[in-house]
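To keep things clear, I will list the structure first and then write my remarks on it.
The values are calculated or read from the model by the stated rules, or taken from the named source; none is laboratory data. Because the structure is predicted, anything quoted here is derived from the model rather than measured. Here the Cβ is made from the backbone with ideal geometry for all residues, glycine too, and neighbour counts use every protein chain on show.
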Amino acid sequence: QFGVSIGIHYLFPITTLGLTLFIVIFETLFLAKRQEPYRSISVFLVKVLGLIFVAGVATGLLMPFSIGANWARFSTYAGAILGALISVEAITAFALESAFISILLFGRERVSPFVYWLSAVLVFVGAHLSGFWIVAANSWLQTPAGYAIEDGRVVLTNLSQAIFNHSTLIRFAHVVTAAWLAGAFLTAGIAAYYLARARHEAFARKLLAIALPIALAAALAQPLIGHFHIMEVLEHNPEKDAAYEGIFKSVNGAPLLAFGIPDAKNQVIHFAVGAPYVLSLLESGDPMGRVKGLEEFPRENWPPVNVIFTTFHLMIMLGMAMIAVAVFGVVQMWCRKLEAMRWYLLLLPWLIPLPYLANEIGWIGAEIGRQPWLIYGVMRTAEGSSITLPLWQLSVSFAGILLVYTAITVMTFVSVRKLIQKGPN
Amino acid sequence: MDIQFYQTGVFLLIVLFFYLFSLLDGFDLGIGMMLPFARGNGAAAGLVSHIAPFWDGNEVWLVIGAGFVFGAFPAVLGLLLGAIYLPFLLLIGGLILRAMALEYSYHDLAHQRMWHLVAACGSYLVTGLGLYFLGTILQGLPFVGPGKLSAYAGDYVSAFPVLFSLAGIVVVIWHGATYALRQDPAEARLKGTGKFWWALLGASLVLIAAWFAFLPQAATKPLAMAGGGLFIFGVIGGRLALRRKGWAFRFSCCNVTGLWLLILASLYPVVLPAYQHPEWSLTIASASAPLSTLKILLVVGVLLVPIIIAYSYFTYRVFRRPGKRIQNSGFSIQN
Ligand code: HDD
Ligand code: HEM
Ligand code: HEM
């Protein structure tokens, strides 16, 4: 239940992060050059942001409460830390973001261009702060730090250790880059849509010229950041790493698998395709280095290997595909041949879902990979989810939430599409 | 300093957040609830335009308040949500409906009337249910043992919350109406608001009477007396100042403030009182998070509240140039 609603919620905030990046870029360009089409690009993106933002707020309102409701014991147990982080998120980030987004949405005629630009920057900061706090909370579940356990509950002992726990910064980098990638593919898709139809060409050309390189940079950065991320996982959640890579038996000179169908029961990966020794090289710097397999960990601490091996590799494949798309686009743009490639321009809008898919799959892998722990090494999921509600109430609420969330998603999708079709004027 | 200081501080801070929420989002909700009754071309859209830039920021106070409850009194949230999960979802559903409907009422002009009605439904849900919960908490929750709430829905139905909720809706609509009056003192609106004052008077009498009847021990505390006095002052002042621009709204703010003083007086030092079993109540001391968390919350809260208020004030200023109606970003998604 929570998984589904947050999965939907997540679609909107990442779009917000990506869009605010572009709005800040174009507002800055407009402030510096005071000419079109920068202004109309920003005006248009702000309109899209308005629709996305309200959907993000609408789907986000439920989130903190559903944590409290679905994991009553968990929230009492760990509220001292998670609650603190969520409070700080609300008071630092949501307040900032929603105050200044009113100026973005309604105030262009009422404030000077500089104040407007400042508001755009503040909304950008607010949105990213919000992402930071929530990622810190999530990272604390993966790699808890800065706490002690007293009287059967978690007590915060060191604030900065809890916030900047071992995985916060690297996870935040990975998530923000993923969000920018989504924003870049979205804006590039919009621009390509216009170019392919020869509409709003000046507008679309400028937008594409900025969106594609950002897409490329983000797509290239992602495997690099991802690599450091997996090194952190290896250190702090080793069984998860072994499951990601599909290594059951400890070996020297382990292969890096690119593809395979895992079979946890028989502890093998079928149809494995991979590069020998590369995993050992990446993880220990030595092609013959030893990689710990799942066999070294007690079976009851294994995460669901099949699921997370698959999601992890899907994410990476999607990442590679996006690099290919972006490299091709940027190279063609460099050679000034891009606009002749109608098929590419027609294709781009259809690729907008790729980063979203990778985002969702990445999270699902990371969350399921945390199983069977709710707080890694501290509390098991089964202990935390002491649901006191009767089954019918759960079913009713689940159906209701699903309905409302689906409606919001569909409405937002349809409206953004209409807005794009209608064009910037 | 000892833990009591922080416990009380954070408790007061949370009350402050809920107070700011009702003071600010109160007029958004009040205007939302007035929408079905707006007569004439564009009247409802005009009302919405008064709150369009603000409601989201105002709502954040609720999110902050809830976040702080989660952080400072995690047991309270778990307990409450476990017991009243479905009605609570309905309240959140109301907030969601209002958010989506307000936004789409100025994009999807073809169905504007429908969106206004949906926004009104959302506002009634939020106000009615929110006040009902508050009333139930004030009266005392049906505990069946220490740390255990009754799972039987009938135990949550009683007279005080019903009266509190109904009367409260009127107070909130009055808040919205006087806010609209402050933004746009048209003659027709003056007349309507003047008539509505009689409803406010009735509701206030009910409210005060209910307080004395059901919560006598609370109603006689000095702080409660002060709150009640301020409330009555606001009601009467609202009538007298009806024609002076902006003043009726200011008096309405007195209403809300007085009401929250009353609430604070009735509750403190208990967070979740137990009906007829005071020994099971969750008090500030027994429900709070560990000291280290309270410290952070209090420091962060005290530092940031003035900053937020300052920049919120700035955005209100931006949108308050006299005479100009607030234009929304002015696009519709029609083809
Ligand atoms: C507060 C921290 C937090 C954050 C930011 C997220 N999650 Fe999460 N997630 C949890 C806290 C959590 C949890 C409370 O710890 C759950 C619930 C039960 C569990 O096993 O972990 C969980 C479970 C959970 C599950 C189900 C796993 C299972 O039942 O085996 C999925 C699919 C997701 N999450 C997906 C997401 C997505 C797509 C997120 C992106 C926004 C996300 N989570 C952010
Ligand atoms: C436990 C998980 C989460 C909770 C409890 C949560 C809670 C919320 C709430 C209550 C809101 C609405 C605030 C408002 O009224 O403005 C919101 C919006 C938002 N959330 Fe989440 N959220 C969660 C996960 C995430 C994640 C994983 C991210 C990003 C990495 C994120 C980023 C945002 C952003 C940027 C907004 C602002 C609204 C928007 O821009 O669309 N949240 N969230
Ligand atoms: C191409 C190479 C990539 C590598 C090596 C990589 C690596 C990783 C790793 C190791 C994790 C697991 C973190 C954990 O379990 O704690 C992760 C999670 C995640 N990935 Fe990737 N990733 C790549 C590409 C992408 C792309 C392209 C996207 C999205 C556009 C993406 C989005 C995510 C998200 C949202 C998460 C969950 C949040 C987190 O735990 O950081 N990743 N990634």
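General remarks:
- The sole residue among A:Leu21, A:Leu17 that is in contact with a helix residue (DSSP H, G or I) (Cβ under 8 Å, 6 or more places away or on another chain), away from ligand 1 (no atom under 16 Å from the Cβ), over 29 Å from B:Phe88 (Cα atoms) and at pLDDT 85 or above is A:Leu21.
- Failed item, numbered, when B:Val76 is tested on (1) surrounded by fewer than 24 Cβ atoms within 10 Å (Cβ to Cβ); (2) within 8 Å of chain A (Cβ to nearest Cβ); (3) touching a residue at least 40 places away in the same chain (Cβ under 8 Å): (2)
- Entry remark, segment A:1-44: residues being free of Cβ contacts under 8 Å to residues at least 12 places away in the same chain and either of a type in the set (A, V, I, L, M) or farther than 21 Å from A:Leu105 by Cα (or both) number 3 in total.
- Looking across segment B:94-131, the residues that are more than 14 Å from the chain's Cα centre (by Cα) and among the hydroxyl-bearing types (Ser, Thr, Tyr) come down to B:Tyr104, B:Ser105, B:Tyr106.
- Against the conditions (1) near ligand 3 (Cβ under 8 Å from one of its atoms); (2) farther than 27 Å from A:Gln142 by Cβ, A:Leu181 satisfies every one except (2).
- Cβ-Cβ contacts under 8 Å between residues 6 or more apart (or on different chains), taken from a first residue in segment B:244-258 that is on the phi < 0 side of the Ramachandran plot to a second residue that is basic (Lys, Arg) and assigned to a helix (DSSP H, G or I), are listed as B:Lys245/B:Arg182; B:Ala248/B:Arg182; B:Phe249/B:Arg182.
- The helices (runs of 4 or more DSSP H) found entirely in segment B:207-269 that carry 3 or more residues being within 18 Å of the chain's Cα centre (by Cα) and surrounded by 17 or more Cβ atoms within 10 Å (Cβ to Cβ) are B:222-240, B:247-267.
Here's the yes/no breakdown for (1) at the interface with chain B (Cβ under 8 Å from one of its Cβ atoms); (2) among the hydrophobic types (A, V, I, L, M, F, W, C); (3) within 12 Å of ligand 2 (Cβ to nearest atom):
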| site | (1), (2), (3) |
| --- | --- |
| A:Ala95 | yes, yes, yes |
| A:Leu105 | yes, yes, no |
| A:Tyr116 | no, no, no |
| A:Leu122 | no, yes, no |
| A:Leu129 | no, yes, yes |
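- Taking the numbered list (1) in contact with a Lys or Arg (Cβ under 6 Å, 6 or more places away or on another chain); (2) more than 19 Å from B:Leu62 (Cα to Cα) in turn, B:Gly122 passes all entries but (2).
- Residue that is in a helix (DSSP H, G or I) and touching an Asp or Glu at 6+ places or on another chain (Cβ under 8 Å), where the choices are B:Leu80, B:Leu86, B:Leu95, B:Leu129: B:Leu95
- Residue pairs meeting the criteria (Cβ under 7 Å; at least 6 apart or on separate chains; first closer than 18 Å to A:Leu61 by Cβ, in segment A:127-138; second of a type in the set (Gly, Ala, Ser) and away from ligand 1 (no atom under 11 Å from the Cβ)): A:Ser130/A:Ala93; A:Trp133/A:Ala93
Matching residues to (1) at pLDDT 80 or above; (2) surrounded by 24 or more Cβ atoms within 10 Å (Cβ to Cβ); (3) away from ligand 1 (no atom under 16 Å from the Cβ):
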position: A:Ile41; (1), (2), (3): yes, yes, yes
position: A:Leu49; (1), (2), (3): yes, yes, yes
position: A:Ile67; (1), (2), (3): no, yes, no
position: A:Thr92; (1), (2), (3): no, no, yes
position: A:Phe100; (1), (2), (3): yes, yes, yes
position: A:Gly107; (1), (2), (3): no, no, yes
